[in-house]
Each structure stands twice: as structure tokens, then as C-alpha cells.
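The structure appears below as C-alpha cells.
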Amino acid sequence: MISGCGIGLRAPHVEEFLRVRPKVNVVEVYSEDYLGAENTWLAALEEVRTHYPLTLHGVGLSIGSSDAVNKRYLQRLRALIRQVDPQRVSDHLAWCSLEDRYFCDQYPLPRQSDVLRHLVSRIGLVQDFLQRPLLLENIAYYLQPDGRGDYSEEDFLRALVSQSGCQLLLDVENLRINCENHGGDPWAFLGGLPIPAVTEIHVAGGEQVQVDGTVLSVDTHSRAPGEQARTLFAFACAHFPEAVRILEWDADLPSLSELVRTAQSLESVV
């Protein structure tokens, strides 16, 4: 079991990170940053892996797309997995490509029975190819796809885990944002998830923007987690004690020392 809170390690911090080796419990990187990467990048990642537990988090799998599974992408991902042997491999429960065109965001899926069957089939293909379980993250979404569908979100996730054998990456900031924007009870959501299936937790800080006079919470990964995200994070860590915990920060990236201090401060809320 990995205790404490780790960080999402981004490219601008890699050189300094390897030089100072800060006290963090686990490191997560974006898979796509290292797929087909030059030897110097892979060497840096292998050095990180030598000193820290490592997880891979992807944004390009597009598990919910109606396109065929991208075999070239999976081949490159499998090669990276074999090289660095991460403790977790994750992506998003979403779609981000259509007709071989990739988009710059993750889009939600209708929670319907035919979509569930589609996902179960594709997850099976991916897990068989990678020879390890796939973690899928609950995304932040700004429009409800086709109403509420046949399932609540937590019921859909439970069915997906039961039928596919996948695991879950719980993003508490995405949960907070969805409940603020669309209504809903985050505590009921957390209580409805299968405890053994949640093997990783993300926390981040978002922002509020005005859209046509309406205040909208947005998942920007641009600041330290706010009070409500920290409260949800503390509950989630206690409720899912085996889960790896990662602080994400992508936009307005702080110094490495501030990032590490923020992650260490999150350990105190657990």
C-alpha cells in the first residue's frame, strides 16, 4: 500500500525533480508524454521509477468512442508499460476521438445499457491487450448527455466494474464540479461506489467562470484544492484506504517546491 499523497509530475519540473528528489510518496505522469519518446525522456522516466512508485495516466484512449480501438496507441502504451512497470494505468471514462480525429477534451457518455455493453467490450479488449486492469476516471462534464439515461452515475460505474473487471480512478474535484453545476449529492455518490474498485484518487483545484450570466465551475487544474475538494478528498481517502492519491496541477504551474508542499499539506487531512 502507498500512503500519503503523490504528485502529477509535469515536463517543466522533471529535471529539478530528479536533482532534488523531494519527499513525495508516488509520482504520476501523462502516458502520452512518453509514448514513442526520445531516449533522454525515457531515461528520465526510468530514473523517476527507480526512486518512486510510478503511475501512468492517459488522455488519449477514448474508451467510449464509436471508432475501433486504436491498436497503434495500445501497442505504444504496452511498450511503455513493459519498460517502466507502473503500479497503475488509467485513462478517462469518456470519448475524445471520432472518425480518427482527436479533440482537446474528454466528453461524457450517455448512461444507457447499450453504452454500457459497448464499454464492457472495449475495456475487455484493452485489458487483454495490456495484460493488466485499467482504471477509468469520472470526468467533469458541462452538459448532461441525453438526459440521465438508464442509470445514475454511481450505478453505471458499479455495473461497469462488475461486468468488465476494470477499476476506478475517483477524481473528487470532478465530482465537486459536477454536483455544483448540475446538482447532486457528492456524499451519496461516494457511498455508492464499490470500495475495492477505487484504487486511485485525484484531487485538484478548479475555477469559476461566467457563461451567459451563469456561474460555472470548471476543472482547470490551475490552483491548490479548495476547502470542499479537501473535505471530499479526506473522506474518500478514509473510505477507500487502498487507493493511491495524486495531486494534479497543470495550468498556472507553480514551483516544484510549492507543488510538493501542497501535496504534503493534503496528507494532514487524511
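Miscellaneous remarks
- Any strands (runs of 3 or more DSSP E) falling wholly within the range 1-73 and containing at least 2 residues that are β-branched (Val, Ile, Thr) and free of Cβ contacts under 8 Å to residues at least 60 places away in the same chain: 27-30
- Residues in the range 176-185 that are surrounded by fewer than 23 Cβ atoms within 10 Å (Cβ to Cβ) and either among the hydroxyl-bearing types (Ser, Thr, Tyr) or touching a Pro at 6+ places or on another chain (Cβ under 7 Å) (or both): CYS179 alone.
- For GLY165, the conditions (1) over 19 Å from the mean Cα position of the chain (by Cα); (2) farther than 22 Å from ASP219 by Cβ; (3) in contact (Cβ under 8 Å) with a residue 24 or more places away in the chain; (4) surrounded by fewer than 17 Cβ atoms within 10 Å (Cβ to Cβ) are fulfilled apart from (1).
- If you go through the range 239-270 and keep only what is aromatic (Phe, Trp, Tyr) and under 24 Å from ARG19 (Cβ atoms), you end up with just TRP249.
- Test: residue in the range 217-226 that is at pLDDT below 95, among the acidic types (Asp, Glu) and under 22 Å from VAL59 (Cα atoms): yes
- The residue that is farthest from ARG132 (Cα to Cα), among those in the range 197-211 that are touching a helix residue (DSSP H, G or I) at 6+ places or on another chain (Cβ under 9 Å) and either at pLDDT 95 or above or of a type in the set (A, V, I, L, M, F, W, C) (or both), is GLY205.
- The residue that is modelled with the lowest pLDDT, counting only those in the range 98-117 that are surrounded by fewer than 11 Cβ atoms within 10 Å (Cβ to Cβ) and either within 16 Å of the chain's Cα centre (by Cα) or not in a helix (DSSP H, G or I) (or both), is GLU99.
- Here the condition is being closer than 17 Å to HIS92 by Cβ, touching a Phe, Trp or Tyr at 6+ places or on another chain (Cβ under 6 Å) and among the β-branched types (Val, Ile, Thr); of VAL161, VAL172, it holds for VAL172 alone.
- Residues within the range 118-137 that are assigned to a helix (DSSP H, G or I) and of a type in the set (Asp, Glu), tallied: 1
- PRO145 vs. criteria within 20 Å of ARG158 (Cβ to Cβ), surrounded by fewer than 21 Cβ atoms within 10 Å (Cβ to Cβ) and either in contact (Cβ under 8 Å) with a residue 12 or more places away in the chain or of a type outside the set (S, T, N, Q) (or both): yes
Yes or no, residue by residue, for (1) over 16 Å from the mean Cα position of the chain (by Cα); (2) closer than 25 Å to VAL14 by Cβ; (3) surrounded by fewer than 22 Cβ atoms within 10 Å (Cβ to Cβ); (4) among the hydroxyl-bearing types (Ser, Thr, Tyr):
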| position | (1), (2), (3), (4) |
| --- | --- |
| TRP187 | yes, no, yes, no |
| GLN208 | yes, no, yes, no |
| THR214 | yes, no, yes, yes |
| TRP249 | no, yes, no, no |
| SER265 | yes, yes, yes, yes |
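- When the range 154-173 is filtered for residues that are closer than 21 Å to VAL115 by Cα, part of a helix (DSSP H, G or I) and not hydrophobic (A, V, I, L, M, F, W, C), the ones remaining, listed by number, are GLU154, ASP155, ARG158, SER162, GLN163, SER164.
- Filtered residue count, the range 19-31, keeping only those that are loosely packed, with under 15 Cβ neighbours inside 10 Å and of a type outside the set (Lys, Arg): 1
The values are calculated or read from the model by the stated rules, or taken from the named source; none is laboratory data. Keep in mind the model is a prediction, meaning the values are calculated, not measured. Glycine gets a Cβ as well: all are built from the backbone with ideal geometry, and neighbour counts include every protein chain shown.
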